[in-house]
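Below: the structure, in structure tokens.
The values are calculated or read from the model by the stated rules, or taken from the named source; none is laboratory data. Fair warning: this is a prediction, and the values are worked out from it, not measured in the lab. Please note: Cβ atoms are built from the backbone with ideal geometry, for glycine as well, and neighbour counts cover all protein chains shown. Accessible surface areas use protein heavy atoms only, side chains included; no ligands, DNA or RNA. Shrake-Rupley method; radii C 1.70, N 1.55, O 1.52, S 1.80 Å.
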Amino acid sequence: MNYEDPWYDALASGWGELDGAGRPAPAVPSARREESGTAIRARDVYVEVQRSAAFQEVRGRYRRFVVPGTLAFLAWYIAYVVTATTAPGLMGRPVAGAVNVGMLAGLGQFVSTFLLTWAYSRHARLRRDRAALELRWDTQELTRGARGGNS
């Protein structure tokens, strides 16, 4: 089966796998009739969208948040582990009663995880979701046009 979507994984849907006898399972015929000589194929639409300035802007916004956020969180986590390993006296220093610096830093790991998750979802909602949805609709319309109006 020649599916024109480059992001489509045939094996994930169970097509193209072996049947019980070790032979390839028969291909499922397409429900719609598609001409192979279509001027614009869906694959070309996705490549065109991927090269567009709007798509690059959405990906750029994603990377500008995720890369620094990941690096900061990793640095914080590694600093916690290294400090706990190399400076047990510092981590064991009491702060209030039975609570010590190590316990506060460990709880800080949980708090920072939740804060980073909240910041990511807020950033996605405010900076990327609308642009990504518009790209999705544009891609759907272009793909529908490439397939002859039926989708």
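Residues Tyr77, Tyr62, ordered by accessible area of protein heavy atoms at a 1.4 angstrom probe radius and largest first, appear as Tyr77, Tyr62.
When the dipole is taken about the Cα centre of segment 74-151, and only Lys, Arg (+1) and Asp, Glu (-1) are charged at their Cβ, what size is it in debye, to the nearest 20?
Numbers: 9 positive and 4 negative charges, 30 e Å.
That gives segment 74-151 a dipole magnitude of about 140 debye.
Using 0.36 nm per residue, how much length does the chain from Glu48 to Val95 gain when fully extended, once their Cα-Cα distance is taken away? Present the calculation step by step, with values, prior to reporting the outcome.
Numbers: separation 47, 0.36 × 47 = 16.92 nm, distance 5.84 nm.
Extra length from Glu48 to Val95 when fully extended: 11.1 nm.
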